[in-house]
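The values are calculated or read from the model by the stated rules, or taken from the named source; none is laboratory data. Remember, predicted model here, so these are calculated numbers, not experimental data. No Cβ is skipped: glycine too gets one built from the backbone with ideal geometry, and neighbour counts run over all protein chains shown. Keep in mind that these areas ignore ligands, DNA and RNA; they rest on the heavy atoms of the full protein, side chains included. Shrake-Rupley method; radii C 1.70, N 1.55, O 1.52, S 1.80 Å.
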Amino acid sequence: MEKFSNLKYERVDIEEFKSAISDLLRRFNRVEAKEEQLKILSEIENKRIHVLTMSDLCYVRFTLNTKDEFYVAEMDYVDEIMPEIDSIVTDIYKNILKSPYRDYLEIEKGSLYFKKINFFLKTFSEEVKELLKKENKLVSEYGKLLASAAIDYKGEVRNLSQMKPFMVDEDRLVREEASELYYGFMSDNMDEFDRNFDELVKLRAEIADKLGFSSFVELGYYRMERMDYDAEMVSQYRKQVLAEIVPVASKLRKRQQERLGLEKLEYYDINYMFKSGNPKPQGEPDWIVEQGRKMYEELSEDTKTFYNIMTEYELMDLVAKPGKSGGGYCTFLTEFEMPFVFSNFNGTEADITVLTHEMGHAFQSYKSSHISEIELKDPTMESAEIHSMSMEFFTYPWMENFFKADVDKFKFMHISDGVLFIPYGVLVDHFQHYVYENPTDSPEMRRKMWRKLEKMYLPEIEYSGNQYLQNGGFWQKQAHIYEVPFYYIDYTLAQICAYQFYIKDMENHEQAWKDYVNLCSLGGTKPFLELLEVANLKSPFEKGTVGEIMEFVDKQLNLIDDRSF
Ligand code: ZN
């Protein structure tokens, strides 16, 4: 195995790839023995893995230094060839489905493999190719519109994310001022946000219609590869959230208001949690990484080996540096069988959650690297977030090392975060179902509906004085709604499962850890509900699950005295 800095990148020659695949497919269709076909299939897989790994490696190197001209140009090239690759993959899939040895292949590859191929093909046809391009264009137009914000504040011109620290400032006037400016930008561009979204909704309805779906809702579920639950089950789940989580969230808001000593929580107070500031890690980045090593060494033999590989082979780049792109992620360099974790440490509690959350993702890809099919390595989004969010809880016993005296504040905040987030996540989901079930509704009707649902799921949010928000504009800054329809409920489903691991870990650590590692090793070889079954987790859709978990979570929150935070 090579260190990350020694990994060799080479540009994918798309023409060469294309002709290599058509040669292989010709042989694939001509073989006379089923075993021979399986062998060719794995040759095809290896070629695809190489292409995938090169584009991932390019992405990582580019995000590590967005000023590196070589990788900037390579990234442009990768973006350019992506649609071409998709169409090559479509071709491969069609040939697999036509195979005379399909029964044999299905035994070898598993039925889920075929199901996933079918799902992919259902979401695409030559007839909608141009419409899909148009969809991408509208999505990037939205991104550009968001990024065009140039707000003059405190002597500097700032974009939307640069306004965020001021929106949680300890000075209430600063919070209010910054929030007014932030939503002022949104409000000034409301017509554009409306037009863009309206075009997207109608376009998606047209794509769904051309592909033979009854509405975009159905296609949206196909795109997310949801195989074992449907819109009706999700709707029942939202009802559980409304009945069981919204009241607990309301209690948390009340406690927040009392802690802050405010007569009323205004919308610009919502994200300001503690008078004394958020909990902070008690050391520098190198110290945090060392604490991380100690933590993963003590957690299990598995995580010990894993963390040592991650550090020895330079598979983590955690500290913010000039030129590095923002945010954090985990990716897997399939050909090298290595995960890579990227983040921007900034001295906040989020640094520690990167070390647990992103490392949870990385641990899963490490544990499921034995799976050779690209289609089966990673599970769907709601399952993928269980690995990461649960690791956040499994590492609780070590949080004292990072936060010292702030440890209770950290735990209180971390447990609360999920409770406060789920109702919002479910609101976003409810709204999207309404939008795509009624694609001809006007932007005004959509805003009205958003405000109505907002009052239901987030009853304590007040927008006094801000007309844009009062009129239901809040969702326009939520990129998921524009970019990946129906992706959002996933985080809430995963959170419900992560809370279950939290409970199980307290009751019986050994069993809980065993179930977790087992879940990670399965990767994406099973759909969501089957994965839950193997991991001994209850389905969030099942009546009673949400209430049972909330009872425990509420109790934990009540054990912590937050009045002095
Ligand atoms: Zn994640």
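Using the Karplus relation 6.51 cos²θ - 1.76 cosθ + 1.60 with θ = phi - 60°, the per-residue 3J(HN,Hα) values for region 311-323 come to 7, 4, 9, 6, 9, 10, 10, 9, 8, 5, 9, x, x Hz, with x marking Gly and Pro.
Of the residues SER276, SER390, SER539, SER22, ranked by 1.4 Å probe accessible area with the largest first, the sequence reads SER276, SER22, SER539, SER390.
When nucleic acids and ligands are ignored and a 1.4 Å probe is applied, MET273 ends up with an accessible area of around 30 Å². Against the main long axis of the alpha-carbon atoms of the chain, helix 509-522 sits at an angle near 40°. Normalising by the residue count of the chain, find the relative contact order in percent from Cα pairs under 8 Å and 6+ residues apart. That works out to 18 percent.
Under the combined filter of DSSP loop state and at most 11 neighbouring Cβ atoms within 10 Å, region 448-556 retains these trypsin sites (Lys or Arg not before Pro): LYS543. Here the simple spin-label model places points 7 Å from the Cα toward Cβ, and for TYR101 and GLU548 these points are separated by 4.6 nm.
Counting only protein heavy atoms and a 1.4 Å probe, region 4-133 has 54 square angstrom of accessible area per residue. Accessible surface ranking for CYS497, CYS330, 1.4 angstrom probe, highest first: CYS330, CYS497. For the pair region 274-295 and region 205-272, the centres of their Cα atoms are 31 angstrom apart.
Rolling a 1.4 Å probe over the protein heavy atoms leaves LYS129 with an accessible area of roughly 70 Å². Shown for the chain: the carbon plus sulfur share of the solvent-accessible area, taken with all protein chains present and a 1.4 angstrom probe, equals 49%. Pairs of Cα atoms nearer than 8 Å and 6+ residues apart set the relative contact order; for region 283-354 it is 27 percent.
In sequence order, region 228-244 has phi-based couplings of 10, 8, 10, 4, 5, 5, 5, 5, 5, 5, 4, 5, 4, 4, 4, 7, 9 Hz under the Karplus curve 6.51 cos²θ - 1.76 cosθ + 1.60, θ = phi - 60°, and Gly or Pro positions carry x.
Of the cross-linked pairs LYS109/LYS377; LYS304/LYS367; LYS98/LYS122; LYS133/LYS377, those separated by over 19 Å at the C-alpha level are LYS133/LYS377.
Using the heavy atoms of the protein chains and a 1.4 angstrom probe, tell me the accessible area per residue for region 237-383 in square angstrom.
40 Å²
Residue ranking by accessible heavy-atom surface, 1.4 Å probe, largest first, among ASP209, ASP406 comes out as ASP209, ASP406. Near the amide H of MET338, within less than 5 Å, lie the amide hydrogens of LEU333, all on another chain or at least 5 residues away, with H placed in the peptide plane.
So, in region 427-565, how many Lys pairs have Cα atoms under 19 Å apart, if the pair is 8 or more places apart or on different chains? Close lysine pairs found across region 427-565: 9. If I fit a long axis through the Cα atoms of helix 129-147 and take the longest principal axis of the Cα atoms of the chain, what angle between them do I get, 0 to 90°, rounded to 10? Rounded to the nearest ten degrees, it is 30. Return the calculated 222 nm mean residue ellipticity for the chain, to the nearest 500 deg cm²/dmol, obtained by summing -39500 (n - 2.57) across DSSP H runs with n ≥ 4 and dividing by the residue count. Rounded to the nearest 500, it is -22000 deg cm²/dmol. Computed over the chain, the range of Cα coordinates on each principal axis works out to 79, 56, 52 Å, biggest value leading.
Which whole-number percent gives the relative contact order of region 4-133, counting Cα pairs below 8 Å spaced six or more residues apart?
Reported as a whole number, the value is 24 percent.
Here GLU218 sits with roughly 80 square angstrom of accessible surface, probe radius 1.4 Å.
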